[in-house]
Amino acid sequence: MTCTIEPRHYARQTRIPKDMSEFIRLYTQIALLRRGPQDLPASRLLLVLTVAGYLAVNFVVSRREGLIVDTLFTLLWYLLLLRLTGRPERTLQTTTAVFGFQAVLTPLLVGSEWLMRRFGEDSTWQVPITCAGLLLFVWLVAANSHIVKAALEWSATSSVALVILQTLAGWLLQFALFPPVNS
């Protein structure tokens with residue numbers, strides 16, 4: 001299967017929403033695979049606001065250590081990836097889309113992690129909660145690879161593999177910098 005998005009489609013003029021609630025709806029549409037990064041304006045201000053929103057949502061719902069490292073890793077990953085593949089002009093839209101859809105999905109991810117910790121050992125709830133967590137992870141990979149596919153114009157398989165590689169590299173970085181504490 002080949003991507004049918006033409007290069008001019010990605011760089012076309014987009015209607016600029018009037019307020020952040022419209023962007024949140026757009027990020028939700030990206031998370032649902034209905035829209036893509038090409039539907040976002042290429043704006044540094046929007047990227048900064050979206051990253052700030054991503055950090056705020058993560059801080060409020062999870063307060064996890066390594067959030068800044070994870071954010072910087074993601075920014076650096078896409079900056080390098082798009083430069084190495086000859087598409088640096090897509091960096092703003094792509095990274096904005098990645099942080100936007102992740103901000104939308106963060107409450108679901110944190111809720112899933114909490115359920116796994118709370119009921120993971122309960123034999124009644126272990127399988128349904130684990131399946132829900134796995135489904136959410138697959139959704140996260142699918143949405144992220146949808147963005148990567150649009151940005152790089154690669155196949156879906158290559159985009160999924162690249163997103164999984166990014167996820168594994170991010171986890172390894174987190175484990176190297178913040179090793180788990182045995183209690």
Self-check item: Yes/no for L165 being touching a Ser or Thr at 6+ places or on another chain (Cβ under 7 Å), modelled with pLDDT of 95 or more and either of a type outside the set (G, A, S) or surrounded by 11 or more Cβ atoms within 10 Å (Cβ to Cβ) (or both)
Solution: no
Quiz prompt | Inter-residue pairs, beta-carbon under 7 Å, first farther than 16 Å from I30 by Cα and in the stretch 146-158, second aliphatic (A, V, I, L, M) and part of a loop (DSSP other than H, G, I, E, B), 6+ apart | solution = E153/I5; S155/M1
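Return the residues of the stretch 41-67 that are of a type outside the set (S, T, Y), part of a loop (DSSP other than H, G, I, E, B) and open to solvent by less than 50 Å² (accessible area, probe 1.4 Å); say none if nothing qualifies.
Filtering the stretch 41-67 for residues of a type outside the set (S, T, Y) gives 41-42, 44-49, 51-53, 55-61, 63-67.
Cutting the leftovers down to part of a loop (DSSP other than H, G, I, E, B) gives us 41-42, 63-66.
The answer is P41, G66.
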Quiz item: Given the structure, is L115 open to solvent by 50 Å² or more (accessible area, probe 1.4 Å), over 30 Å from S21 (Cβ atoms) and part of a helix (DSSP H, G or I)?
Solution: no
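Can you name every residue in the stretch 161-183 that is without any contact (Cβ under 8 Å) to a residue 60 or more places away in the chain and under 17 Å from T74 (Cβ atoms)?
Filtering the stretch 161-183 down to residues without any contact (Cβ under 8 Å) to a residue 60 or more places away in the chain leaves 161, 163-165, 167-168, 171-172, 175-176, 179-183.
Across the stretch 161-183, the qualifying residues are V163, I164, L165, T167, L168, W171, L172, F175, A176.
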Exercise. May I ask you to list the residues in the stretch 78-100 that are open to solvent by 50 Å² or more (accessible area, probe 1.4 Å) and not in a loop (DSSP other than H, G, I, E, B)?
Key: L79, L80, R83, L84, P88, E89
Quiz item: Out of (1) touching a helix residue (DSSP H, G or I) at 6+ places or on another chain (Cβ under 8 Å); (2) over 22 Å from S112 (Cβ atoms); (3) at pLDDT 85 or above; (4) among the polar types (S, T, N, Q), the odd one out for S21 is which?
Solution: (1)
Quiz item: Give me the pairs: first residue in the stretch 124-144 and touching a residue at least 12 places away in the same chain (Cβ under 8 Å), second residue β-branched (V, I, T), beta-carbon distance under 7 Å, and six or more apart or on different chains, which are they?
Solution: V141/V160; V141/V163; V141/I164; A143/I30; N144/V98; N144/V163
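If you check I147, I129, which single one turns out to be modelled with pLDDT of 95 or more, crowded, with 16+ Cβ neighbours inside 10 Å, at negative phi and among the β-branched types (V, I, T)?
Details: I129 fails: modelled with pLDDT of 95 or more.
Exactly one residue qualifies, and that residue is I147.
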Self-check item: Single match in G120, G86, G111 (criterion: of a type in the set (G, A, S), on the phi > 0 side of the Ramachandran plot and without any contact (Cβ under 8 Å) to a residue 60 or more places away in the chain)
Solution: G86
Quiz item: When the stretch 94-124 is examined, which residues are found to be at pLDDT below 85 and aromatic (F, W, Y)?
Solution: F119
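The values are calculated or read from the model by the stated rules, or taken from the named source; none is laboratory data. Just so it is clear, the structure is predicted and the values come from calculations on it, not from any experiment. Note: ideal-geometry Cβ built from the backbone for every residue, glycine included; neighbour counts use all protein chains shown. Quick note on the areas: whole protein, heavy atoms, side chains included, nothing else; ligands and nucleic acids left out. Shrake-Rupley method; radii C 1.70, N 1.55, O 1.52, S 1.80 Å.
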